[in-house]
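Peer 1: I am attaching a structure below and will ask some questions about it afterwards.
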């Protein structure tokens with residue numbers, strides 16, 4: 001076991017020196033001793049960089065990579081044995097290729113094993129698992145919960161354990177929202193990307209950006225469900241439709257809105273808050289605003305104050321599993337009007 005960073009450094013230096021010595025001894029391609037040693041050093045450095053990239057890989061990724069590299073190496077050895085009778089190359093170069101082909105086969109197998117490691121279920125195999133760790137289940141984060149942002153507060157409070165997994169297709173959807181021509185959607189997409197960055201910076205939290213994907217499925221919600229099945233993970237979402245669809249298929253869902261129902265609301269009737277009136281409401285003389293997390297605020301007597309920031313008095317808060325709505329009232333006699341703003345504070349739903 002490596003006790004300090006110096007042990008790792010010495011191991012890396014030893015590997016570089018070993019590869020340089022092997023290349024210098026065999027002199028592949030008719031290279032001089034110095035040129036061959038330099039090529040070995042460059043190859044060893046490249047392998048060290050690769051190791052640094054996969055150091056934080058999950059156990060399933062490591063197992064998949066090992067199995068793939070072993071299988072690839074065996075195929076490489078078989079390939080060399082079949083070509084031995086027909087190789088008419090100089091002896092040093094032939095020996096170099098006999099060593100290189102199994103290494104290339106093992107490396108190719110390693111990459112394939114990493115790509116398919118999501119399909120490995122160590123719990124089903126009974127490998128490398130402890131019964132006391134069954135409660136530490138991975139949690140797949142949906143786009144809606146990242147845009148919402150409250151997942152950061154929940155994680156900081158220590159109410160989330162296990163591993164948080166953010167699939168690449170969820171990040172892609174956030175990027176599409178962030179690149180939208182609609183300023184409201186653009187702000188929400190950027191907020192979601194900022195939330196991902198904040199989660200990754202939490203020292204006590206394990207966050208993985210997973211490459212798992214299902215190209216045959218186009219809908220992000222259905223991809224999340226398939227990913228949760230493959231990883232035996234829970235889905236964290238605010239989407240009511242995804243919540244119901246996942247539960248029908250026997251998956252566990254953590255709905256942030258359901259958690260909010262058990263807690264005290266952020267605002268209470270009678271409190272004052274400042275909002276930006278974005279558009280008119282459905283009823284007479286109503287204005288509609290949105291908070292940073294996308295919560296809709298319906299304001300009476302605010303229709304003629306569209307594109308202005310006003311102070312309102314909260315009259316009621318409606319919290320459901322589909323989300324939260326705040327109802328308020330604007331009174332010109334008690335609340336002044338702030339200067340118009342060029343952009344909205346929040347945005348509409350995706």
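We did not get these values from a lab; they are worked out from the coordinates using the rules stated. Keep in mind it's a predicted model, so treat the numbers as computed, not measured. Cβ placement follows ideal geometry from the backbone for every residue including glycine, while neighbour counts extend to all protein chains displayed.
Peer 1: Would you compute the Debye intensity of region 131-261 from its alpha-carbon atoms alone, equal scatterers and no solvent, and pass along log10 I(q)/I(0) at q = 0.11, 0.13, 0.17 Å⁻¹ to two decimals?
Peer 2: Values returned for q = 0.11, 0.13, 0.17 Å⁻¹ are -0.36, -0.51, -0.90.
Peer 1: Taking the simple approach of a point 7 Å from Cα along Cα-to-Cβ for both residue 208 and residue 240, what is their distance in nm?
Peer 2: Each label point is offset 7 Å from its Cα along the Cβ direction, giving 3.3 nm.
Peer 1: Same structure, new question: Dimensions of region 238-306 along principal axes (Cα, Å, largest first)?
Peer 2: 49, 24, 19
Peer 1: While we're on this one: Can you compute the FRET efficiency between residue 232 and residue 95 using 1/(1 + (r/R0)^6), with r the Cβ-Cβ distance and R0 = 51 Å? Round to the nearest 0.05. Don't skip to the answer; put the middle values down first.
Peer 2: Working: r = 47 Å, r/R0 = 0.93.
So the FRET efficiency works out to roughly 0.60.
Peer 1: Separate question: Which order do the peptides 213-220, 190-197 come out in when sorted by mean C-beta neighbours inside 10 angstrom, highest first?
Peer 2: Those peptides, ordered most packed to least, come out 190-197, 213-220.
Peer 1: Please report the base-10 log of the normalised intensity I(q)/I(0) for region 160-235, using a Debye sum with one equal scatterer per alpha carbon and no solvent, at each q in 0.11, 0.16, 0.27 (1/Å).
Peer 2: Per q value, in the given order, log10 I(q)/I(0) is -0.32, -0.66, -1.23.
Peer 1: Distance in nm between label sites at residue 222 and residue 116, each 7 Å beyond Cα in the beta-carbon direction?
Peer 2: Here the modelled spin labels are 2.4 nm apart.
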